[in-house]
Structures are given as C-alpha cells and as structure tokens.
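Bear in mind these aren't lab numbers, they're just calculated from the coordinates by the rules spelled out. All values derive from a computational prediction rather than experimental measurement. Because the Cβ atoms are built from the backbone with ideal geometry, glycine has one as well, and the counts that use them run over all protein chains shown.
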Amino acid sequence: MSHIQESSLIKDVQIVTLKPFADERGRFMETFRKEWFPQRSWDIIQTNRSDSKAGVLRGLHYHFQQVDYWYVIAGKIRAGLYDLRPSSPTHGTAQTIEMGEENQVGVFIPVGVAHGFVALTDVTLIYVVDNYYSGADEFGVAWNDPALGVAWGVEAPLVSDRDAANPKLKDISPDKLPR
C-alpha cells in the first residue's frame, strides 16, 4: 500500500511514497489511483510523457483548470514548486522535491501551484492531468526569478525559448495569476 502525505511546505501538494513489489523477475508498482486524491474528479483525463536530457529545465508553469500528478519512470529530477494561490496559507512558499531512482514518489500538484523540473539525469516523466491540455490554460513564471526562491541547484540549465521568455512574478498581470 502506498503512503500519501501532504507536503509540509505547500498546502494541497500531495506526496505519494510508492511501494514496489520486486523479486528475481523484476518489479511491479502502482503509480496512480484516482482514489488517492478524493478532492478531485478524474472524469476527464489525459496522460503525457516527457523525455528530457540531463541538464534540461522545464517550467515554471501553472494552470487554472488543471491539476498534475507526476511520476518519474526513468532517471531523476528535482521538481520545483511555488504556491501562487493568494488564499492559500502557504502562498509564496517554494519547495523542491527529488523524484525518481532511489526516491520513488508521485507528486500531486494542485491548481495555482507553479511547477517545473530540472533533469538531473536523462529522464522520462509521466504526468496525469484531470483535464485535456489547453494552451489557453498554461501560464508561466520565470524559473530563475529570485523572488520565488526555488532552490534548483543548477546555474545554466538548457531551457526552451518559451520558458526562457516567462516573466518574473512582479511583471505578471493580476488577471493572469490565481485568485
């Protein structure tokens, strides 16, 4: 049975410690169950796969209509999170979580929490979302904004042109931020 706990830093972020069953043939592990997250309806679902080379940083992104659940199937990442929700008691809090290899966890990321990751090795990330992808519901904030204080532990990652153009938090229009 997997163990689920709320992040000690960001409200509503759930960290699932996954339990592998292994023998000489290999291993089996449940990586997602909708019942782990009773606060969400998983009626509409999409699953995505992201492959990244070591040194790639993706993010930070946030949504108004979609939650994410991440699981690393190969390699290792450092996930970066930042609570943008003004009504949250943890508004303005940053957190990093090592995922993959020796830390077999899944991470549930609620609406309004900015998220991204740096690939510490070549990596394959699977993420489950509760709504179909819509570019109209994907927003970004600069991964290296010092006001966020996300401890990436890298200085010069490979970042897409789109993510490199994400604005600093102070430059985002209030109507483009969670309410």
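Of the lysine pairs in the chain, how many meet both conditions: Cα atoms under 22 Å apart, and a spacing of 8 or more in sequence or different chains?
Numbers: K11/K34; K11/K176; K19/K34; K19/K76; K53/K76; K168/K176.
Within the chain, the lysine pair count is 6.
Rounded to two decimals, what ratio of Rg to Rh does segment 38-135 give with C-alpha atoms and a Kirkwood Rh? Write out the running numbers ahead of the final one.
Values: Rg = 13.2 Å, Rh = 13.8 Å.
Taking Rh as the inverse mean 1/r over Cα pairs, Rg/Rh reads 0.96.
Report, please, the projected area of segment 3-166 averaged over directions, based on the convex hull of its C-alpha atoms, in nm².
Directional mean of the projected Cα hull area for segment 3-166 stands at 9.9 nm².
Given the options S2, I73, G55, identify the residue whose Cα lies farthest towards the positive end of the charge dipole of segment 1-73 (+1 on Cβ of Lys, Arg; -1 on Cβ of Asp, Glu).
So the residue we want is G55.
For D122, D83, what's the fewest-to-most ordering of other Cβ within 10 Å of each Cβ?
Sorted ascending by nearby Cβ count, the order is D122, D83.
Order 14-26, 97-109 from most to least packed using the mean count of other Cβ atoms within 10 Å.
Numbers: 14-26: 11.6, 97-109: 18.9.
Taking the mean over residues of other Cβ atoms within 10 Å, the ranking is 97-109, 14-26.
In whole Hz, with x marking every Gly and Pro, tabulate ³J(HN,Hα) for segment 105-121 from phi via Karplus 6.51 cos²θ - 1.76 cosθ + 1.60, θ = phi - 60°.
Whole-Hz 3J(HN,Hα) from phi for segment 105-121: 10, x, 10, 8, 10, x, 3, x, 9, 5, 8, x, 8, 10, 7, 7, 9.
For an R0 of 35 angstrom, estimate the FRET efficiency from the Cβ-Cβ distance between K176 and S2 and round to the nearest 0.05.
Details: r = 35 Å, r/R0 = 1.01.
Approximately 0.50, to the nearest 0.05.
Roughly how big is the chain's charge dipole about its Cα centre, with Cβ charges of +1 (Lys, Arg) and -1 (Asp, Glu), in debye to the nearest 20?
Charge dipole, the chain, about its Cα centre: 160 debye, nearest 20.
Using a Förster distance of 35 Å, how high is the FRET efficiency between E155 and R49, based on the Cβ-Cβ distance and rounded to 0.05?
Details: r = 28 Å, r/R0 = 0.79.
Once the sixth-power term is evaluated, E becomes 0.80.
Relative to a virtual label point 7 Å from the Cα of A136 in the Cα→beta-carbon direction, which members of segment 37-67 show backbone nitrogen distances below 20 Å?
44-46, 62-67
Given G116, V105, L148, which one lies farthest toward the positive end of the charge dipole of segment 3-166, if we put +1 on the Cβ of every Lys and Arg and -1 on the Cβ of every Asp and Glu?
Final value for the positive-end residue is V105.
Please list the radius of gyration and Dmax for segment 13-86, considering alpha-carbon atoms only, with Å as the unit.
14.9, 50
Among H61, H115, H3, H91, what is the fewest-to-most ranking by other Cβ atoms within 10 Å?
H3, H91, H61, H115
Which distance in Å, rounded to a whole number, links the C-alpha centroids of segment 92-135 and segment 152-166?
Comparing the Cα centres of segment 92-135 and segment 152-166, I get a distance of 16 Å.
Roughly what % of DSSP beta bridges within segment 3-166 run antiparallel, to the nearest 5?
Antiparallel: roughly 95 percent of the beta bridges in segment 3-166.
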